[in-house]
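Just below is one structure, and these are the notes that go with it.
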């Protein structure tokens with residue numbers, strides 16, 4: 001199952017990180033939405049997309065240490081630090097930890113999701129990643145059952161002894177059914193995300209729809225902002241015109257008195 005885990009990590013990185021991977025760009029999009037789609041595709045899915053945990057503005061964090069990482073992710077960094085002079089270890093530890101955190105961020109983002117304030121595009125991105133991880137975990141569970149063995153004692157005619165023999169734990173019919181289910185799960189997984197980390201047919205369709213929904217949301221925000229700016233401009237203009245009219249009326253009254 002190690003191959004599945006590698007594929008999963010690579011795939012999740014591609015699903016929630018646009019670095020080095022083609023984006024599912026919407027074709028023949030409404031020209032009014034194109035600038036907003038471009039803005040969405042240029043967003044960094046980690047740095048520009050809020051996570052579910054709210055952090056107060058101005059919060060400062062101490063440099064991270066290996067303790068913040070999962071135990072399985074610490075060994076490589078600890079080995080690298082041992083090869084460094086003691087005076088360099090503290091500085092390099094935080095750099096190495098940050099790099100590792102970025103590396104595993106795709107898997108973490110898939111599990112925890114994004115903020116409620118995130119665009120539909122990034123919510124769908126994280127949702128697809130989570131669904132793929134769930135599928136691969138289910139595949140692994142069924143594969144473990146297929147591979148499970150027990151030992152029973154059988155008489156070996158060549159040696160004349162009773163010896164332990166490895167046999168499958170499940171009957172062949174059950175193992176065949178599990179294998180068929182794994183193939184079905186894999187087909188679904190490939191519809192969402194292909195082995196190279198790019199979106200499959202279903203994943204692409206969902207991301208296209210989410211991208212257009214996000215572009216419309218951004219456009220609505222811009223339109224509302226522009227409307228508010230125009231209202232403010234018009235209101236100031238009306239106030240100025242009223243002030244000028246009032247002054248003109250006062251001036252007119254003065255002129256009338258002078259004529260008399």
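Quick notes on this structure:
- Residues in region 182-202 that are touching a strand residue (DSSP E or B) at 6+ places or on another chain (Cβ under 8 Å) and touching a residue at least 24 places away in the same chain (Cβ under 8 Å) were compared, and the one that is surrounded by the most Cβ atoms within 10 Å (Cβ to Cβ) is 193.
- Residue in region 60-69 that is touching a residue at least 24 places away in the same chain (Cβ under 8 Å), closer than 30 Å to residue 124 by Cβ and assigned to a helix (DSSP H, G or I) present: yes
- Residue among 224, 235, 179 that is touching a residue at least 12 places away in the same chain (Cβ under 8 Å), loosely packed, with under 14 Cβ neighbours inside 10 Å and in a helix (DSSP H, G or I): 179
- Note on region 151-167: residues that are in a strand (DSSP E or B) and either at pLDDT 95 or above or out of contact with any strand residue (DSSP E or B) (no Cβ under 7 Å at 6 or more places or on another chain) (or both) total 1.
- Residue within region 131-139 that is closer than 30 Å to residue 36 by Cβ, touching a strand residue (DSSP E or B) at 6+ places or on another chain (Cβ under 8 Å) and surrounded by 16 or more Cβ atoms within 10 Å (Cβ to Cβ) present: yes
- The sole residue among 104, 97, 112, 128 that is closer than 30 Å to residue 210 by Cβ and modelled with pLDDT of 85 or more is 128.
- All told, residue 124 falls short of being buried (at least 16 other Cβ atoms within 10 Å of the Cβ) and either more than 23 Å from the chain's Cα centre (by Cα) or part of a loop (DSSP other than H, G, I, E, B) (or both).
The values are calculated or read from the model by the stated rules, or taken from the named source; none is laboratory data. Since this is a predicted model, take the numbers as computed values, not measurements. Neighbour counts run over all protein chains shown; Cβ positions are idealised from the backbone, glycine included.
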